[in-house]
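Readers should treat all values here as calculations from the given coordinates under stated rules, not as data from a laboratory. Not measured: the values here are computed from a predicted model. Cβ atoms come from the backbone with ideal geometry, glycine included; neighbour counts cover every protein chain shown.
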Amino acid sequence: PAVTSIYTIPALRIAHKSCITPLCTFAGWKTMKFIGKLLVYLLVALLIVVLAFYFLLQTRWGASQVSSWITVNTDYELNFDLMDHRFSSPSHLILENVTFGRDGKPATLVAKKVDIGLSSRQVTDPLHMDTITLFDGTLNLSPQTAPLPFQADRLQLNNMAFNSPNTEWDLSAQKVTGGVSPWQPEAGNVLGKNAQIQMSAGSLTLNGVPASNVLIQGQLNGKEVVLRTIGADMARGSLTGSALRNADGSWIIDSMRLNEIRLQSDKSLMDFFTPITTLPSLQIGRLEVTDARLQGPDWAVTDLDLSLRNLTLSKGDWQSQEGRLSMNASEFIYGSLHLFDPILNAEFSPQGIALRQFTSRWEGGMVRTSGNWLRDGKALVLDDAAIAGLEYTLPENWKTLWMDPLPEWLNSVTLKKFGLSRNLVIDIDPAFPWQITSLDGYGANLQLVKDRQWGVWGGSATLNGAAATFNRVDVRRPSLALNANAATVNITDLSAFTEKGILEATATVSQLPQRQTAVSLNGRGVPLSVLQQWGWPALPITGDGNIQLTASGSVQASAPLKPTVNGKLSAVNMDKQQVEQTMTGGIVSTPVQ
């Protein structure tokens, strides 16, 4: 073919298979060079655009544009001042002065700086970060804020405030440093279902209980919370331990130690322990309390040392295998009960509680006992009880307390053996005051509670005192001996010396609800007015003499005694004047002499 102009060679080469070989080669090289330059120009232009966009994003204008786009196109509001990226750390983006939260809701996050660590995972899961580190701000996580649109292999807090309100763990913490790994928040689980936790806090309030210098290391397994290490300063003392919270809300305390706690509460003693009773169960492996002082409106305990092992509390009851309790304190106050230097040692088993030792100074005296509480029958059996040197004034409502039923866990109380020595007992009831000084006594198998009701239901006892006063009548050497069974209480000896003579009596009290009582009283050389202070009308004769009285009545707390009394009195004074009186329904009649 004819020679063609070089400018037409490319076209000819396309149209025809044959051309001059050197010319074709030269034309192809020129074409490739042109395409290469074009690609370079495009890449340079693209790089310039990317760099321009990169630098624009790191300006306040760029930050404003990104914040506006996210706020307009998502359900969240985002504001930050600057974005910083450094080639020395190419996988990290840093946002400054960040505020983030749901539309129309209080901010979930306010932070001075947020460091976002990226990884290759962003290619397939853009919202799953490698790390998210929050600096100097506040993080509010609640069921209303979860789930959040992003996750991280690790959430790290650095000098943050952390709040988790409206959850079963109402938490507010300041100066928090630590991390959650991985962090996968979801509805109802602001920290995710499975994560390792390690955090410290300068101060913390959990469900209203404040603490400082807190350290927590643990793990979340679904709804199970494992706290391998707990440490905190609280109530001017310290707490350390480890625990496990099961999925059903029950707790297992492997070990816990409270040292030098100083706590004041506005709750009564029963209300103070109410949070424990609301748990499905609480299993205590080892609990140690050293030098604690606790106080409430009607209770207090000082210098408390306590050691508890292997005890589970559940649904108002307890279970234990080889459990132990050792406790002592300088002082314990509960209502009118005031104990000094109480010491308690007990062992727990499926059968009940073995009370190895209980001693205390009480009302100027000393109380000591040991025994067993038996789960079968809910019976308290004290092997030996001793009270010495007591100076005790009965509470004004002691008769009401005597009639009130006891708790369900205390169905009966029996003293196998007891001893009293040098005690003073006083009743200040204005209707019939009395007191007994230097009260001594002993007894065996004395059952004081039956079917949750106080009484003298069985056993024997002997009591005597140096002196006594009964409704302003002074007597010396009062003594009483009784034995009781299911049917009656038999008082076989009741005696006392009056100013000039002696009174002796016997009595029987029925154990039936009517409490029918019969008394036989003899007085020799006694003032004839002695019975007047005890409810019998004044006699028409005076002076000293002998008396014989037989009476019966129904002694019930719910009904007055006097209308039920029937009796007969014979009296003769030193001048041989005699009188006989009969009482029927509480009314005395004197036959005409």
### Task
Enumerate the whole-percent occupancy of each 5 Å bin, from 0 to the last occupied one, for all C-alpha pair distances of the stretch 106-258.
2, 9, 16, 24, 22, 14, 8, 4, 1, 0, 0
### Query
By how many nm would the segment from Asn259 to Ser68 lengthen if fully extended, with 0.36 nm per residue of separation less the alpha-carbon distance?
63.4 nm
## Note on the structure
Inverse of <1/r> over all distinct C-alpha pairs of the stretch 357-473, i.e. the Kirkwood Rh in Å, gives 15.3 Å
### Summary
CD proxy, 222 nm, the chain: helix-only mean residue ellipticity via -39,500 (n - 2.57) per DSSP H run with n ≥ 4, per residue, nearest 500, stands at -4000 deg cm²/dmol
### Query
Of Gly465, Ala505, Gly389, which is farthest along the charge dipole of the stretch 383-518 in the positive direction, counting Lys and Arg as +1 and Asp and Glu as -1 at C-beta?
Ala505
### Query
Going by a ≥ b ≥ c, the root eigenvalues of the Cα gyration tensor, does the stretch 81-132 fall in the rounded group (a/c under 1.5), the prolate group (a/b larger than b/c) or the oblate group?
oblate
#### Entry: Where the Cα pairs of the chain fall when distances are cut into 10 Å bins, in %
3, 11, 16, 13, 11, 10, 9, 7, 6, 4, 3, 2, 2, 1, 1, 1, 0, 0, 0
#### Entry: Rg/Rg_ref, the stretch 486-538, where Rg_ref = 2.2 N^0.38 Å and atoms are Cα
1.33
### Task
Just round it to a whole percent: the fraction of Cα-Cα distances in the stretch 512-587 exceeding 19 Å.
36 percent
### Query
With the Cα gyration tensor of the stretch 198-288 giving a ≥ b ≥ c as the square roots of its eigenvalues, does the rule (a/c under 1.5 for rounded; else a/b larger than b/c for prolate; else oblate) give rounded, prolate or oblate?
oblate
### Message
Shape verdict for the stretch 233-326, please, from the Cα gyration tensor: rounded (a/c under 1.5), prolate (a/b greater than b/c) or oblate.
### Response
prolate
### Query
Near Lys175, which lysines are there with a Cα under 17 Å away, not counting those fewer than 8 places off in the same chain?
Lys112, Lys113
### Query
Roughly how many debye, to the nearest 20, is the charge dipole of the stretch 183-326 about its Cα centre, given +1 on each Lys and Arg Cβ, -1 on each Asp and Glu Cβ, and no other charges?
280 debye
#### Entry: Estimated FRET transfer efficiency (Ala354, Ser142; beta-carbon r; R0 45 Å; 0.05)
0.40
## Note on the structure
Mean 1/r over distinct Cα pairs of the stretch 435-522, inverted to a Kirkwood Rh in Å, yields 13.9 Å
#### Entry: Partners for Lys576 among aspartates and glutamates (Cα-Cα distance below 14 Å; same-chain residues under 8 apart left out)
Asp544
### Query
Given a Förster radius of 60 Å and the C-beta distance between Ala486 and Gln198 as r, what FRET efficiency does 1/(1 + (r/R0)^6) yield to the nearest 0.05?
0.35
### Query
Is there a pair in Lys378/Lys416; Lys399/Lys450; Lys105/Lys267; Lys223/Lys315; Lys399/Lys562 whose C-alpha atoms are over 25 Å apart, and which pairs would that be?
Lys105/Lys267
### Task
Could you work out, for the stretch 304-416, what percent of all Cα-Cα pairs fall into each 5 Å distance bin, beginning at 0 Å and stopping at the bin that holds the largest distance?
2, 10, 16, 20, 24, 18, 8, 3, 0
